[in-house]
């Protein structure tokens with residue numbers, strides 16, 4: 001029987017489709033949608049609440065945001081960590097999982113990808129990879145920490161994180177299918193639940 005490698009995913013408003021750089025690339029690049037909190041938005045339950053969506057800065061962000069190359073850029077300070085909303089929701093089959101890691105770009109050498117304490121859909125291994133369970137139906141976030149001595153620029157659409165897909169046979173190259181409605185991903189008991197929603 002031929003293996004069904006389809007992974008469906010929904011692109012949130014102002015999100016971007018996953019990008020596969022080449023046929024040999026293991027991971028798919030995910031783009032920055034917004035700087036977010038760990039909470040979910042009330043109007044679109046699968047999307048995280050925006051703290052800064054890369055518009056005109058206000059509310060004290062004026063000293064952290066610059067206008068550069070026709071876009072607003074958030075300057076992540078040394079030692080500062082922020083949550084980056086990745087603008088997608090995955091719909092994987094039960095036998096699959098997704099692994100997030102930072103891109104290997106030279107410009108990301110001083111960045112670390114952190115797991116968020118108390119969030120069971122992410123499990124960080126000794127290599128620094130973070131895993132997303134197949135039954136999670138919310139926007140994944142990447143918690144970025146600036147370990148360097150200089151400000152680190154973040155803008156809407158910047159590719160900072162890679163997502164690789166695994167099943168029982170190891171890393172796979174799925175057929176990624178964008179869907180028009182979140183309902184097409186299929187519902188799960190967990191849904192977008194975090195912070196011990198499984199009861200454990």
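Each value in this text was obtained by applying a stated rule to the coordinates, not by laboratory testing. Note that the structure is a prediction, hence the values are computed from the model and not measured. Note that each Cβ is placed from the backbone with ideal geometry, even for glycine, and that neighbours are counted across all protein chains shown.
With no solvent and one equal point scatterer placed on each C-alpha of the range 6-184, evaluate the Debye formula and give log10 I(q)/I(0) for q = 0.15, 0.17 Å⁻¹, two decimals.
-0.86, -1.11
In nm, give the distance between the simple-model label positions of residue 39 and residue 93, each being 7 Å from the Cα along the Cα-to-Cβ direction.
3.8
In nm, to one decimal, how far is the residue 173 label point from the residue 81 one, both placed 7 Å along Cα→Cβ?
With each label placed 7 Å out from Cα toward Cβ, I get 3.5 nm.
Counting other C-beta atoms within 10 Å, which of 101, 38 has the fewest, and how do the rest follow?
The most exposed by this proxy come first: 38, 101.
Which residues does a label at residue 51 reach in the range 68-99, if reach means a backbone N under 17 Å from a point 7 Å past the Cα toward the Cβ?
73-87
Sorted from fewest to most neighbouring beta carbons within 10 Å, what does the list 100, 111 look like?
Listing 100, 111 from fewest to most nearby Cβ atoms yields 111, 100.
For a footprinting-style exposure proxy, rank 52, 74, 9 by other Cβ within 10 Å, fewest first.
Working: 52 19, 74 25, 9 22.
Ascending Cβ contact count within 10 Å gives the list 52, 9, 74.
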